[in-house]
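The values are calculated or read from the model by the stated rules, or taken from the named source; none is laboratory data. Worth saying up front: this structure is predicted, and the values here are computed from it rather than measured. Virtual Cβ from ideal backbone geometry, glycine too; neighbours counted across all protein chains shown.
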Amino acid sequence: MSYKNKGGLKMTEQNYRIRIKLGEREIEAEGDKEFVEKYIEEFKKEISKIPTELPSTEKIITPEIQKEKIELDRLSLAEFYKRKNPKHHNETVVVFAYWLKKREKKEKFTAKDINDCYEEAKISKPRNVTQHIQVVASGKKAYLTRGPGRGYYKLTLTGEEFVEKELPKKVDE
């Protein structure tokens, strides 16, 4: 509220503010009551033009990814690990996180789950698995992210794409 001195009399002038956010779009108006109400009416007109149905977010599975899914269902963890041929423990953690999500249907996992994968695949594990999880959950290419609850992690879309597209498919000889 601001005060104006008009001919020796103090008058109050009140500002109104409205801010509306829908998804990524945001509108804000501030001014006297009439000005803000005008913007609200214009906003109502514009919002009615936006389609009420959102486009389908259904995933389109490409034949290559579909083939990978079928192969994943037929492979053991050790076979999947060998096909992906990770170069170091950080990549191995991402491969195991992918396995847990896609084959075991676990949306979130712990360091114990990754340890269990090392044992199931009969691969020597690093001294501190948690450290490797934290490394791939940080940095520019965060293949994992912290999940809900302490000690839980989730595979990111970047992590999925890394396993599906960047890691080699080792050809059986």
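A few comments on the model shown:
- Residue selected from the stretch 94-109 under the condition in contact (Cβ under 8 Å) with a residue 24 or more places away in the chain and not in a helix (DSSP H, G or I), by the criterion surrounded by the fewest Cβ atoms within 10 Å (Cβ to Cβ): Glu107
- Listed conditions (1) at pLDDT 95 or above; (2) crowded, with 19+ Cβ neighbours inside 10 Å are all met by Val136, apart from (1).
- Cβ-Cβ under 8 Å pairs, at least 6 apart or on other chains, the stretch 72-93 side outside any helix (DSSP H, G or I), far side loosely packed, with under 15 Cβ neighbours inside 10 Å: Asn85/Pro168; Asn85/Lys170
- Any hit, the stretch 119-130, residues being surrounded by 15 or more Cβ atoms within 10 Å (Cβ to Cβ) and within 23 Å of Asp73 (Cβ to Cβ): yes
- Single residue of Lys69, Lys10 found to be outside the structural domain of Tyr118 (by TED's automatic domain parsing), at pLDDT below 70 and of a type in the set (Lys, Arg): Lys10
- Restricting attention to the stretch 123-173, the residues that are assigned to a helix (DSSP H, G or I) and either more than 16 Å from Tyr81 (Cβ to Cβ) or in contact with a strand residue (DSSP E or B) (Cβ under 9 Å, 6 or more places away or on another chain) (or both) total 13.
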